Amino acid sequence: MVRLTLAELNARQAKLDHATIDTLDKQWRDERKADDQPLITAVLSSPLSGYLLRIQAGSAGLYTEIFVMTAKGLNAGQSSVTSDYWQADEAKFQKTFDVGADAVFVDEPEFNDETATWRCQINLTLTDADGARIGAVTAEVNLTELERRAAAGKGS
């Protein structure tokens, strides 16, 4: 699912220039505040987003967010709406996809005031069957839940 989606989107996005990417990113941020959300809806209704949502739901609170990015750093699929569409300007992409096929970046834990939980993003480069970089993935882990499970002897 992930590789098929990225192959299709990477082919479609290959010729996107930075001005177009900026326009799409602005559209995404504007749509977050609007009733009409065609770009957000297109990503959220994709089979990949459905797959990621099922993974998140199946984690029973361990994963708070999962999203996959194309080779251009644009959202390809996600379990919930991200704050922006273009991720290539952020460490999650720059320290994985830009570094290499086997790159993994674990970001600093952050406290989420809304849920009173500690969270941490784990990011890695995604590859095709030949090992070529095709995108990146971010999974946000609820560290508070992970600690609770460890204390209860349930592991991760």
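The values are calculated or read from the model by the stated rules, or taken from the named source; none is laboratory data. Everything quoted here is computed from the prediction, not taken from an experiment. Heads up, the Cβs are rebuilt from the backbone with ideal geometry, glycines too, and the neighbour counts pull from every protein chain shown. These accessible areas exclude ligands, DNA and RNA; they are computed on the full protein's heavy atoms, side chains included. Shrake-Rupley method; radii C 1.70, N 1.55, O 1.52, S 1.80 Å.
Things worth noting here:
- Three-way shape label, region 1-57, alpha-carbon gyration tensor, a/c 1.5: oblate
- Shape category assigned to region 107-156 from the gyration tensor of Cα positions, a/c cut at 1.5: oblate
- Helix 18-31 vs. the chain, principal-axis angle (Cα, 0 to 90°, nearest 10): 50
- Relative to the Cα centre, the charge distribution of the chain, modelled as +1 at Lys and Arg Cβ and -1 at Asp and Glu Cβ, gives a dipole magnitude of about 480 debye.
- The chain - accessible surface per residue (Å², probe 1.4 Å): 55
- Once C-alpha pairs closer than 8 Å and six or more residues apart are averaged by separation and normalised to the residue number of the chain, the relative contact order reads 21 percent.
- Gain on full extension, evaluated as 0.36 nm per residue between M1 and A19 minus their Cα-Cα distance, stands at 3.6 nm.
- Our note on the geometry: Cα centres of region 84-106 and region 1-56, 17 Å apart.
- Förster-model FRET efficiency, 41 Å R0, D107 and D35, C-beta, rounded to 0.05: 0.80
- In degrees, nearest ten, helix 47-58 long axis to first principal axis of the chain (Cα): 10
- Dividing the summed helix terms, -39500 (n - 2.57) for each DSSP H run of n ≥ 4, by the number of residues in the chain produces a 222 nm estimate of -11000 deg cm²/dmol to the nearest 500.
- For A76, distant residues with modelled amide H under 5 Å away: V68, M69, T70
- Cα shape, region 28-95, gyration tensor, a/c 1.5 rule: oblate
- The label-point distance for L53 and A116, in a model that sets each label 7 Å from Cα toward Cβ, rounds to 2.9 nm.
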